[in-house]
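Read-outs throughout are calculated quantities, based only on the coordinates presented, and are distinct from any laboratory measurement. Here the structure is a predicted model, which is why all the values come from computation and not from measurement. Using ideal geometry, Cβ is built from the backbone for each residue, glycine included, and neighbour counts are taken over all protein chains shown.
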Amino acid sequence: ITYQPLKCDLKRGNTHSTVGGNIDPSHPIAGDWNSNWGKVTFKAGNPITGSWDQGSGKIGQFSKGTYDPSTRILRIYYFQPWNNAIGWQKFKLSEDSKRLEGKPDQEGGFHWTCTR
């Protein structure tokens, strides 16, 4: 896995990073997931970053993520470059760490089911 450059859009006040670098396998969120929106990859760090591939060249980006182990909640910012959709998603990690259920933090967001 290689590092990808951080993309900044200062006009919108957003930064978007694509997944890369070493993934910490001990972090319960890090790594690859299958989802109803395509393959998802999260990179553990501060912040948590990642991406998802919806196919047809539609690769979304996650950034600014935080994970609270006491609540098992991941809150992460998303950006869809193909339609400029942005927002926050909240994911709840299952007790066995094999399922992430996501819901939008705002109206118009997306529901996710990620498994591995």
Based on the mean of other Cβ atoms within 10 Å per residue, sort peptides 81-91, 40-50 so the most packed one is first. 40-50, 81-91
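Rounded to the nearest angstrom and ordered from largest down, what semi-axes does the equivalent ellipsoid of the range 28-116 get from its C-alpha gyration tensor (root of 5λ)? List each step's numbers first, then the result.
Values: eigenvalues 72, 39, 30 Å².
Whole-Å semi-axes of the equivalent ellipsoid: 19, 14, 12.
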